[in-house]
Amino acid sequence: MLFFLLFLGTFIFMESMAWISHKYLMHGWMWKFHQDHHVKEHPDRFLEKNDTFFLIFAIPAIIFFATGSITSWKWMLALGSGITAYGVAYFFVHDIFIHQRFKIFRNANNTYLKAIRRAHKMHHKHLGKHEGECFGMLWVPWKYFKAYSNKVL
């Protein structure tokens, strides 16, 4: 049960870390790696400089897995698993669903998924380093839900 709670807490925490790092690192001093992600997609190029962040965010997970494997601190495996699960979710939601790096999941008819797509589109309408909104991935501002739903929760 502790493993699951640590795993889930880490997964949820990673959304906050993604938001903070996107706003303050990617749109800050690491903009040169992220900038190509905000220009028109290049059909002749599969990878972007922005994909460097995949490696940067994998490092803590690798450290947690290695430490948890060679010490008695097995709870670190839960932290590494939570970070890795968030990375997998990020790949599916951001790279596959939103940016269509692989042409699947194109016609989602779900309020939450439409809201995610719209929020990300609003983020990409800003081409500069200092402008922007919607820096997270899974937590979407309420206004984007309202745009696709007639229901009031």
- Message: Being under 23 Å from Met14 (Cβ atoms) and assigned to a loop (DSSP other than H, G, I, E, B) is the filter here; which residues of the range 112-144 pass it?
- Response: Gly132, Glu133, Cys134, Phe135, Gly136, Met137, Leu138, Trp139, Val140, Pro141
- Message: Quick check on this structure: which one of Phe46, Phe7 is in contact (Cβ under 8 Å) with a residue 24 or more places away in the chain and buried (at least 17 other Cβ atoms within 10 Å of the Cβ)?
- Response: Phe7
- Task: For Ile83, state whether it is part of a helix (DSSP H, G or I), on the phi < 0 side of the Ramachandran plot and in contact with a helix residue (DSSP H, G or I) (Cβ under 8 Å, 6 or more places away or on another chain).
- Result: yes
- Can you find a residue in the range 91-111 that is more than 16 Å from the chain's Cα centre (by Cα), part of a helix (DSSP H, G or I), surrounded by 12 or more Cβ atoms within 10 Å (Cβ to Cβ) and aliphatic (A, V, I, L, M)? no
- Cβ-Cβ below 9 Å, separation at least six or inter-chain, first residue in the range 61-75 and without any contact (Cβ under 8 Å) to a residue 60 or more places away in the chain and of a type in the set (A, V, I, L, M), second surrounded by 13 or more Cβ atoms within 10 Å (Cβ to Cβ) and part of a loop (DSSP other than H, G, I, E, B): which pairs? none
- Item | Whichever residue in the range 10-42 is without any contact (Cβ under 8 Å) to a residue 60 or more places away in the chain and of a type in the set (Phe, Trp, Tyr) and, among such residues, is surrounded by the most Cβ atoms within 10 Å (Cβ to Cβ) | Phe33
- Message: Name the single residue that is nearest to Phe54 (Cα to Cα) among those in the range 85-136 being free of Cβ contacts under 8 Å to residues at least 24 places away in the same chain and among the charged types (D, E, K, R).
- Response: Asp95
- Query: Among Gly80, Gly132, which is in contact with a Pro (Cβ under 9 Å, 6 or more places away or on another chain) and either of a type outside the set (A, V, I, L, M) or at pLDDT below 85 (or both)?
  - Reply: Gly80
- Just one listed residue, out of Gly28, Gly9, is modelled with pLDDT of 90 or more and under 24 Å from Leu127 (Cβ atoms), and it is Gly28
- Positions within the range 137-150 being in contact (Cβ under 8 Å) with a residue 24 or more places away in the chain and of a type in the set (Lys, Arg), in sequence order: none
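The values are calculated or read from the model by the stated rules, or taken from the named source; none is laboratory data. No experiment lies behind these values; they were computed from the predicted model shown. In this analysis, Cβ positions are derived from the backbone assuming ideal geometry, glycine residues included, and neighbour counts consider all displayed protein chains.
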